[in-house]
Amino acid sequence: MTEHSEDDPSLFDADQLGPEQLAGKIGQLQREIGQLQEAVVSHAVIDQAIGVVVSLGGLPPDQGFGVLRTVSQTTNIKLRDVAEQIVGWPASKELSDDIRQALQAALSQAGSA
């Protein structure tokens, strides 16, 4: 467990805050929790998509993320959105044409590297 110094701004004494300040701090903490929850879900989806890409392309795991990044950059679609489509692809049998083409090109390039 990490130690915090007394001047750490993330620590506060609720007894020293007024009701409005406390409500503000609670709101801030709730937003941070939401962002962290979203990051965990996003990370899981990206990891799953790496698994699909690695399996599909017969690539070593360390190249899977590079393929996803290339597809994202080529299509100008956020990495998480690309990952969500790739993860859903085996079940839905649907993948947008731009992602499919970029994925084929990235897999071909990664396989020849």
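Classify segment 17-112: rounded, prolate or oblate, from the alpha-carbon gyration tensor (a ≥ b ≥ c, eigenvalue square roots; a/c under 1.5 rounded; otherwise prolate if a/b is larger than b/c)? Here segment 17-112 falls in the prolate category. Annotation: the residues Arg31, Arg80, Arg69, sorted from fewest to most other C-beta atoms within 10 Å of their own C-beta, follow the order Arg31, Arg69, Arg80.
Quick note: the coordinates plus some simple rules give every number you see, no bench work behind them. Predicted model only: the values in this text are computed from it and were never measured. Every residue, glycine as well, gets a Cβ built from its backbone with ideal geometry; the counts of neighbours run over all protein chains shown.
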